[in-house]
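*Asks:* I'd like to ask some things about the structure below.
None of the figures in this text is laboratory data; all of them are computed from the coordinates on show. As the structure is a computational prediction, the values presented were derived from the model and not from experiment. No Cβ is skipped: glycine too gets one built from the backbone with ideal geometry, and neighbour counts run over all protein chains shown.
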Amino acid sequence: MEQDWLPNDLHRAFETEGTTAYCVLPHPDWRVERFGADILASCKWAPPWEIVPEILSRMEAAEVAVERIFVRDLPRNPSERDAPQQTYGNTDLPPEGWAVEAGLRYHLDFLAGYSAGFFLDQRANRARVKSLAPKSLLNCFSYTCSFSVVAATTGAATTSVDLSKKSLMRGAGNFDANAIPREGQTFIADDVLEVLPRLARRGEKFGVIILDPPTFSRGAKGRPFQVERDMATLFQLSLELAAPKASILLSTNCTALRTKELEVLARQELKHARKGASIQWGARLDDLPTDQAARTLWVDLK
Ligand SMILES: C[S@@+](CC[C@H](N)C(=O)[O-])C[C@H]1O[C@@H](n2cnc3c(N)ncnc32)[C@H](O)[C@@H]1O
């Protein structure tokens, strides 16, 4: 299994910036992620008895202590995704852990489902939210609210919207885990396409808006959401909610929608709304090649 494992100096660089959640082996067929002393391996083909010794020896060489390894299949079809299984370490411990990034903590549950609770590939976008330090942030499709937590640390009032009450509750827990008071923070368990027009009617405005939808989902009233079809509507709605000089993040994992296409879509809608903006593609990550990370675009309104 000769692949490009993360060089040792990058392990040290992440740790120096207070980050122990990063990818140590980015490969389309077998990806290995580190979360402190826990490892999550996702594989298309490799059996655990082959993976575990290789991970342990690579981590030892990188001077990273490993307590547990969880392994999950990487199926072609998202509907076949299963929760990982623990294949190394003490199985009597609760299957929970922490993603620590830039000194902030996010709760993980490795056996809760296919995703443990934190997406590594949004690291650079979370860092940008921090540097923008908005007064208010609207986090659409917020999942466990990582963008909201980052914004709140610089004083933002955040609004997190997700269909899943459970994800929002985990998100609220992430505020607690970082000793951020929940006052001034809003959690809305509803369909984003229903919530955004409601917020616009109330005249609400936000300094940063995050649009990070899934490729496909079924909304609150059974309405199908499809990113290729609905991203333009989402962006239009977000323009109505944008404060002067707001920044809007468009992000997608849909392989059929490339960054160039996101840019074309954004430019069309901006023209329609007669708004000026500067557009930049999301920053590259040191540990994940662009073809294995979400495609992201920042629209900074003038
Ligand atoms: C890709 S995840 C978002 C990840 C998140 N931005 C992060 O960085 O952690 C997609 C989320 O969208 C939510 N979702 C799917 N369809 C939705 C809809 N129509 N309205 C609101 N939330 C929805 C799911 O429950 C899920 O939590």
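*Asks:* Which of the three applies to segment 120-301, rounded, prolate or oblate, going by the alpha-carbon gyration tensor with a ≥ b ≥ c and a/c under 1.5 meaning rounded?
*Replies:* Note, shape of segment 120-301 comes out rounded.
*Asks:* Considering Cα pairs under 8 angstrom that are at least six residues apart, work out the relative contact order of segment 8-109 and quote it in whole percent.
*Replies:* Relative contact order, segment 8-109: 26 percent.
*Asks:* With label points built 7 Å along Cα→Cβ from the Cα atoms of Lys275 and Lys302, find their separation and express it in nm.
*Replies:* Result for the modelled spin labels: 1.4 nm.
*Asks:* Can you list residues from other chains, or at least 5 along the same chain, whose modelled amide H is less than 5 Å from the amide H of Phe225?
*Replies:* Amide H neighbours of Phe225: Ser217, Arg218, Gly219.
*Asks:* Right, another one. Would you work out the charge dipole size for segment 8-109 about its Cα centre, treating the Cβ of every Lys and Arg as +1 and the Cβ of every Asp and Glu as -1, and quote it to the nearest 20 debye?
*Replies:* Values: 10 positive and 18 negative charges, 50 e Å.
Computed about the Cα centre, the dipole is about 240 debye.
*Asks:* With +1 on each Lys and Arg Cβ and -1 on each Asp and Glu Cβ, how big is the dipole of the chain about its Cα centre, in debye rounded to the nearest 20?
*Replies:* Result for the chain is approximately 1760 debye, rounded to the nearest 20.
*Asks:* So, one more: Subtracting the Cα-Cα distance from 0.36 nm times the residue separation, let me have the gained length for Glu63 to Thr16 in nm, one decimal.
*Replies:* That pair, Glu63 and Thr16, stretches by 15.5 nm at full extension.
*Asks:* Working out 0.36 nm times the residue gap between Gln292 and Leu56, then minus their Cα-Cα distance, what length gain in nm do you get to one decimal?
*Replies:* My answer for the length gained is 82.6 nm.
*Asks:* Then there is this: When a/c reaches 1.5 or more, the comparison of a/b and b/c decides; with that in mind, is segment 208-302 rounded, prolate or oblate per its Cα gyration tensor?
*Replies:* Since a/c reaches 1.5 but b/c is at least a/b, the shape of segment 208-302 is classed as oblate.
*Asks:* Given R₀ = 25 Å, FRET efficiency for Ala220-Lys44 by Cβ-Cβ distance, to 0.05?
*Replies:* Plugging the Cβ-Cβ distance into 1/(1 + (r/R0)^6) gives 0.15.
*Asks:* For segment 120-301, give me the percentage of DSSP beta bridges that are antiparallel, rounded to the nearest 5 percent.
*Replies:* For segment 120-301, the DSSP antiparallel bridge percentage is about 45.
*Asks:* Give me the aspartates and glutamates in straight-line cross-link reach of Lys245: C-alpha distance below 14 Å, same-chain residues under 8 apart excluded.
*Replies:* Correct list for Lys245: Asp300.
*Asks:* What is the calculated FRET efficiency for Glu183 to Ser131, with r their C-beta to C-beta distance and R₀ = 25 Å, to the nearest 0.05?
*Replies:* 0.55
*Asks:* Placing +1 at every Lys and Arg Cβ and -1 at every Asp and Glu Cβ, with all other atoms neutral, what dipole size does segment 114-231 have around its Cα centre, in debye to the nearest 20?
*Replies:* About 120 debye.
*Asks:* List the lysines whose alpha-carbon lies under 24 Å from that of Lys166, not counting same-chain residues fewer than 8 positions away?
*Replies:* Lys221
*Asks:* If you average the sequence gap of Cα pairs under 8 Å that are 6 or more apart and divide by the length of the chain, what percent do you get for the contact order?
*Replies:* For the chain, the relative contact order is 13 percent.
*Asks:* Let me ask you something else. Cβ neighbours within 10 Å, averaged per peptide: list 293-301, 107-115, 6-14 in order, most packed at the top.
*Replies:* 293-301, 107-115, 6-14
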